[in-house]
Each structure stands twice: as structure tokens, then as C-alpha cells.
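No value in this document is a laboratory result; all are computed from the given coordinates. Just so we're clear, the structure is a prediction, and the values are computed from it rather than from any experiment. With ideal geometry, Cβ positions are generated from the backbone for all residues, glycine too; neighbour counts draw on all protein chains shown.
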Amino acid sequence: MHPSSRENLNRGKNLPLYYGEDRLVLLPRDPYWLFAYWEVSLPTRNIIAEETQGDYASLEFGLRIHRYSEDREADTFFDLKITPTADHWYIKAGVPDKNYWVELGYYLPNGEFKVILTSNTVSTPRDSLSEIIDENWRLPDWQARRLYWRIGRGNLSSLEMAQRGLHLPQKKEESRATK
């Protein structure tokens, strides 16, 4: 039997659902979307419940998404309200080629946002071709047109394009009639 067979891989142990650590991780999905996942440990939940003198699950939670450019000048943010039981969220960032970081928190009755966790910083990729043209890597015109067509489809991901039935145009083969 091969050493990588299913019997050897399944040792009866599963990965834990939660690790008991306070953590917020941010990942870029594509030029327009981000993905965040988090865990708020039980001790932290208890501390928040004591501070607010209420039930943790009854609080109004949100994500504060910070966007800034390389020079850190125009730091802007927007808030997304989320459900208290959520442990992950897809975030429509909307602007490619920017840096982002996220804060998970809750709203006090007076509207103040209290931060629980802060994420790492990520950069979304640009949604255009590079300005650097290297002859070794230059695309033939028909491939460049296909690529521009794909980029021009808006801000749909590859999965969304496939789900909507949008396919790349096929290169038409030139046929020559022979006599």
C-alpha cells in the first residue's frame, strides 16, 4: 500500500473549530474584494460583557475598513455592520491598488465604535496591465485584446464570470478555401 493512502492520512483527529486566540486576519480576494476572518476568545467576550454590562451576543458589531495609499496620505474608512455570530466576512473594497486594514468592534449606545481586534495590512492588486513592457513577455495582439476584454468586464471575479455564463471570446481560426 502506498504511504500516502487515505488510511495513513486520516488519523482520526480533526482540526479544531476555534483555537481560543484573539485574531483578525485580512486577505485580498481580488482587486475589488477583501476577505476577513476572526476569532474572539471566550475570556475577551467575558471582559466585553462586563464592560458593557450586557450580553456579548446582543451587542451591535461592525467592521471598520481603512483604505490608504502608499504615501499614507488619504486614509479613509467605512463601516460595515455584521452579525454577532459571524466569524468571517467578504468586504467589497471597491478600489484596486490600495492598502487596507480592518478593525473589528462594537457600537456603544452613543454611537462610539469600540475596537476589539485589528487586522494585518494588505494591498489589493491593480486591475490593469503593467506599464512596463518587456519584449520577451509581450503578448501577441489577439491575446492582448482578449485580456483587455476580460479586464473590461467590470469588477467581476473569475468565479462570478463563470457563474453568470460570461466566457472569453474564442479566437476565430481563419479558414482558407482551397480550390
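Compare the Cα positions of 69, 94, 84 along the charge dipole of segment 23-123 (+1 at Cβ of Lys, Arg; -1 at Cβ of Asp, Glu; about the Cα centre) and return the one farthest towards the positive end.
With unit charges placed on the Cβ atoms, the residue in question is 94.
For residue 142 and residue 27 in one chain, what is 0.36 nm times their gap in residues minus the Cα-Cα distance, to one decimal in nm?
Length gained between residue 142 and residue 27: 38.1 nm.
Write down Rg/Rh for segment 23-123, rounded to two decimals, with Rg from the C-alpha atoms and Rh from the Kirkwood relation over Cα pairs.
0.99
What percentages make up the Cα-Cα pair-distance distribution of segment 25-82 when the bins are 10 Å wide from 0?
17, 39, 28, 16, 1
Along Cα→Cβ, 7 Å out, is where each label goes; now give me the distance between the ones at residue 149 and residue 95 in nm to one decimal.
Result for the modelled spin labels: 3.2 nm.
So, R0 is 41 Å and r is the distance between the beta-carbons of residue 15 and residue 164; what FRET efficiency does that work out to, to 0.05?
0.75
Starting from the 7 Å offset along Cα-to-Cβ, what nm value, one decimal, do you get for the label separation of residue 79 and residue 127?
2.7
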